[in-house]
Structure formats: C-alpha cells, structure tokens
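Remarks on the structure that follows.
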C-alpha cells in the first residue's frame, strides 16, 4: 500500500488540466475546460475538467474522477503505476514499499521482453548468420539507421533466446508468460520465434510489450508472420504498431494514416510521412480505434488494393464511424502496398493519393456498385440496405440525414423511402437486442443526491452528517453504498477535498457518481438545505421504525403478550418524542 499522505502530496503538486491537456485538446468554457471524451464515441463535447476541484467528468459515458483515475483509464495502468507516473513527473521518489506479487510479476515481464529485444537486435547487428536477414532488409530499403530506430532484430535457431535468458537468471515461467518460449509436445520448452526478422511492438509509453516475427525465407506450411501470443503485457487487439514514434506528428497534423503491415508503416515513416501507424495485420478493432482516437479523430485508411484489403477497409468503416472518427480511404494502384509505392515512387505519390482520397460514402458505394447493379430493383435494394447499415453508425442525426440525401440522389430513390427502410432496419436491431437490455435505471432521489454532495463538500459537514445519519437511512443502492464507503474512509486528520476523496475510492461506480455530483452546476449547498435533507432522511427512518413497531404491536396483541405490548408502546412513544423534538 502507498501511504495516503504521499498520494495527497503527489496530487497537490499536479495540475489535472496540465496532465489531461497533454493527452487531448481542452477548450476553456467559463471556469471549466471541455473536450470530446476520449473514452467513448461522441462528436459534441461532454467531457468536463474542473481546475478548481481538480476532477474530470464525462456527462456522456459517466466516466469521472481525479487525475489518477484519468491516467488509469487512458494509459490502461494500475493505481500504483499512475501514482508512480505522477511522482516521476513531479520529481518525487516513491516511498520504499514492497510491490504486490502482480506488480513484481508484470515488472519482470517488461524486463524480459526488453532483454529479448536487445538480444534480437544484437543478433541482427553482429552475428554472421544474420547476413541473409540484413540483405533482405536492405533490398526492402531498410537501412542501418532504420534498423536501429525501430530496434529490428533477428531470432536464430542456432542462438536460442531461452538459453541466453536462463544464463541471465530469468525464470522459465516469466519467459512463457511473456510468450518468448512455448511448451514442446515432447516436454520442455522451445523459443517462440526462430529464424525470423523481429519487429518489437511498443506501447504508447515506449515500452516493448511483444514481437512480430517474419520468416527470412518463405517456407511451405509455415506462416510468413507470427505475433506474440496474448499475455499480461500484449494483446494484438489493443496495440498499434509505430504509435510510440508517430504520436507527436499525429497530434501536430491532426490526422493519421492507417496501414496494415510493419514495413508499410516503416518505409513511409522514414521517408517523411511520420503520422502513420499499422494495425498489426488485422482488421482494425474497437480497442485500436480508441487508442488512435486519443491523438486524432481524422483517419486515412491505406490498405492494399486486393480483395482482402478492401474487406478490411469495409469492416473498419463501421467501427470508425461508430467511434466518431472522420474517415477517408486511399485507393492504391493495383499491385502496390504503401511500402512498395513509397519505395518506387516516393512519399509524394502517397500524399498525392491522399488528396484524391474518398470519403466513406463514395468508397463503399463504389465497391457495392462492383457487386450489385444499381439500375435493377434488387441491386438498389442491396446497396440501400448495406449503405443504411453504415450510415446508422453515425452519431449525429443531422449527418445521418445528409448522407441519406446523398444516397437518395445516388440511387434515384426518394428520401422518405430510405428513411422508412432505415427505421425498419433499426427496429429489427432493437428487437434483436431487446432480450438482453439492461434493467431500467432507478433514479437517485434528489434528497439523497444532495446529502452525498454535502458529504463531499468539506470535513465539517461530513462530520455532522456522520453524527445524524446511517447508511441504512438511504433507499437507493448507489447512495447507500457511497455513504457507507465515505463513512469508512473519513478521519479527522485526512484532507477532505473532492480530488483527495476520489483518490481513496477504487469502486468505479462510486467514483463516477461522486465526480458527476461534484460537477453539477447551480446547486447552493447552504445550512437550510442541509437541515432539510437531514430531517427528511431521519423522518423516513423514523417512519420506517414506527411502521415496524406497529406491525410488531399487532402481532403481540394477537398473541395477547402483555409484556411485549408494554415494551413496544414505550419504544413507540420514544420514537414519536424524538420526531417532535427534531421537528
């Protein structure tokens, strides 16, 4: 456990606006700052940062908290890692606290993959067996400085990584967890990567998390490329190749080229197109899109011109639109990928194609027209259905309608007919998911919201509420859970600002609720309102107690239990007297 006073000190030295604005652009609006939320798809900003309270809250998706919560969500790191990150930023040394087993294990994995990357890089640079790999890279216009910049390497059967790492004292279970070795059917282990050119994969914080390996010479029944297996550091769905080097230029140019393979990213990058990343050979995933969206909302897809590339583009369109990104698609000349185009014709050729890039509407209708004849009823119907499914992914109703007008003109079908067709598609979708809809959300009573706001406001009020209420006095599950947790966390010697309180809360639901209440505007938390809220809640408690006592009295009378009747009457009078005194 990190001492709370150290966490408070780190937060006191950190400005949440400064930290968040280093990740996403913030715009000043009155006392607060506003932005498009990085945690869900939206075009109208609903993400608010309060410099006074040192908290953030999104009124769209509900995420909220202090600066530590933001880092945990954005960087996908643990609470301890977020504190370490901010401490380093402030020039503070972490207190000597033993790391948890999980943290020690993760640290061991990072060390292992870093050592492996250094080992592979040394193989490629210095071993005589690396000649064929170096010649292959040189033929692909990958020069020595590029090899060093991307820390490209080589795995060799004749120089096993496992043997090297064991000599360094790295345990087998660490190597297996990092997917550097795999179990053999006959028993024991062997290297995951053998006789392959190695492409280290970095996370946005410039840490090696995994590898891609390409065969030096193509062999039958063996995949050209293999990637690290899923492990605690690496998930193929969540990583974007080259982002650690490209992210600054992506922010500067406010756009990103998205390509498919390692060299498709590397060659344009070293030739001057530096706002470029690769999707690791897979169709884009929601996780990758959310990662890209941290840096820009403008994506240019540059996949191969073959059928597989077109299919990947079509899959990506819906996901990108759903996440609120603006999309254009570059159509490469047949037989070219971004790597070969830039090598043969220079970066200008790719930039010239970007000028002619198609928006999602023109690109998808072009591909659909190759499969369906739009001058036939069947063709028009299929094109309309496919296009409406994609248009429906757009968040803005105005934009949706504008694209329906374009589709109407393209197909020579009236707008109202297309709108009717879209409503049919939407109602089918609703029916499909109606069986798994969430239970209706129970609104939080206003009195209970105000009490929590009072509790978060300052230490004196918190102390007063604790003397007059019990968590059981609240009826809503969320307020009851929040109040119980705040009671548990409160001590007189702790700082009690909203940012300090949020740093003590690990429960995500409570953190969101507290940040939302703290951001609420136009609420005057005065003494009269506090007294009114306390009386209401205590009155509710007394009413509940009186109802319970009345029920017990009726039962005692039915049994003719005179002693119990006398005891219950005394209790009932005491409760009634308390109401009169506090009324």
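Out of everything in the stretch 368-398 that is free of Cβ contacts under 8 Å to residues at least 12 places away in the same chain and in contact with a helix residue (DSSP H, G or I) (Cβ under 6 Å, 6 or more places away or on another chain), what residue ends up being surrounded by the fewest Cβ atoms within 10 Å (Cβ to Cβ)?
The first filter runs over the stretch 368-398 and keeps only residues free of Cβ contacts under 8 Å to residues at least 12 places away in the same chain, leaving 370-373, 375-379, 381, 397-398.
Subsequent filtering for residues that are in contact with a helix residue (DSSP H, G or I) (Cβ under 6 Å, 6 or more places away or on another chain) retains 372-373.
Working: 372: 16, 373: 12.
Among residues in the stretch 368-398 that are free of Cβ contacts under 8 Å to residues at least 12 places away in the same chain and in contact with a helix residue (DSSP H, G or I) (Cβ under 6 Å, 6 or more places away or on another chain), the one surrounded by the fewest Cβ atoms within 10 Å (Cβ to Cβ) is 373.
Filtered by the rule that a residue be touching a residue at least 12 places away in the same chain (Cβ under 8 Å) and crowded, with 17+ Cβ neighbours inside 10 Å, the stretch 63-78 gives 63, 64, 65, 66, 67, 68, 69, 70, 71, 73, 74. Within the stretch 122-144, the set of residues being part of a helix (DSSP H, G or I) and in contact (Cβ under 8 Å) with a residue 40 or more places away in the chain comprises 124, 132, 133, 136, 137.
Can you confirm whether residue 501 is assigned to a helix (DSSP H, G or I) and either over 27 Å from the mean Cα position of the chain (by Cα) or assigned by TED's automatic domain parsing to the domain that holds residue 73 (or both)? I'd like the intermediate steps shown before the answer.
Numbers: assigned to a helix (DSSP H, G or I): yes; either over 27 Å from the mean Cα position of the chain (by Cα) or assigned by TED's automatic domain parsing to the domain that holds residue 73 (or both): no.
The answer is no for residue 501.
Residue-wise test of (1) in the same structural domain as residue 39 (by TED's automatic domain parsing); (2) more than 24 Å from residue 295 (Cβ to Cβ); (3) at pLDDT below 95.
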site: 315; (1), (2), (3): no, no, yes
site: 318; (1), (2), (3): no, no, yes
site: 326; (1), (2), (3): no, no, yes
site: 335; (1), (2), (3): no, yes, yes
site: 342; (1), (2), (3): no, no, no
site: 348; (1), (2), (3): no, yes, no
site: 355; (1), (2), (3): no, no, yes
site: 377; (1), (2), (3): no, yes, yes
site: 380; (1), (2), (3): no, yes, yes
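Considered as a group, the residues in the stretch 477-493 that are part of a loop (DSSP other than H, G, I, E, B) and surrounded by fewer than 16 Cβ atoms within 10 Å (Cβ to Cβ) include one that is nearest to the chain's Cα centre (by Cα), and that residue is 491.
Looking only at the stretch 510-534, count every residue that is at pLDDT below 85 and either in the same structural domain as residue 61 (by TED's automatic domain parsing) or in a helix (DSSP H, G or I) (or both) and tell me the total.
Applying the first criterion (at pLDDT below 85) to the stretch 510-534 yields 520-525.
Retained after the next criterion (residues that are either in the same structural domain as residue 61 (by TED's automatic domain parsing) or in a helix (DSSP H, G or I) (or both)): none.
Of the residues in that region, 0 qualify.
Filtered by the rule that a residue be in contact (Cβ under 8 Å) with a residue 40 or more places away in the chain, out of contact with any strand residue (DSSP E or B) (no Cβ under 9 Å at 6 or more places or on another chain) and not in a helix (DSSP H, G or I), the stretch 6-27 gives 13, 14, 23.
Evaluate the following for residue 175: is it outside any loop (DSSP other than H, G, I, E, B), more than 30 Å from residue 284 (Cβ to Cβ) and within 31 Å of the chain's Cα centre (by Cα)?
Values: outside any loop (DSSP other than H, G, I, E, B): yes; more than 30 Å from residue 284 (Cβ to Cβ): yes; within 31 Å of the chain's Cα centre (by Cα): yes.
Judged against the criteria, residue 175 is a match.
Residue 213 meets all of the listed conditions (1) touching a strand residue (DSSP E or B) at 6+ places or on another chain (Cβ under 6 Å); (2) part of a strand (DSSP E or B); (3) free of Cβ contacts under 8 Å to residues at least 40 places away in the same chain but one, namely (3). When residue 163 is tested against (1) in a loop (DSSP other than H, G, I, E, B); (2) more than 27 Å from the chain's Cα centre (by Cα); (3) loosely packed, with under 13 Cβ neighbours inside 10 Å, just one condition goes unmet, and that condition is (1). Of note, residue 196 does not satisfy the criterion of being more than 27 Å from residue 21 (Cα to Cα) and out of contact with any strand residue (DSSP E or B) (no Cβ under 6 Å at 6 or more places or on another chain).
Evaluate the stretch 139-147: report whether one residue or more is out of contact with any strand residue (DSSP E or B) (no Cβ under 9 Å at 6 or more places or on another chain), under 21 Å from residue 108 (Cβ atoms) and crowded, with 18+ Cβ neighbours inside 10 Å. Give the derivation first.
Looking only at the stretch 139-147, we keep the residues that are out of contact with any strand residue (DSSP E or B) (no Cβ under 9 Å at 6 or more places or on another chain), and these are 139-146.
In the following step, the residues that additionally are under 21 Å from residue 108 (Cβ atoms) were identified as none.
No, every residue in the stretch 139-147 fails to be out of contact with any strand residue (DSSP E or B) (no Cβ under 9 Å at 6 or more places or on another chain), under 21 Å from residue 108 (Cβ atoms) and crowded, with 18+ Cβ neighbours inside 10 Å.
Considered as a group, the residues in the stretch 256-283 that are under 20 Å from the mean Cα position of the chain (by Cα) and buried (at least 18 other Cβ atoms within 10 Å of the Cβ) include one that is farthest from residue 21 (Cα to Cα), and that residue is 280.
The values are calculated or read from the model by the stated rules, or taken from the named source; none is laboratory data. These figures come from a predicted structure and were not determined experimentally. Here Cβ is always computed from backbone atoms with ideal geometry, including for glycine, and neighbour counts include all displayed protein chains.
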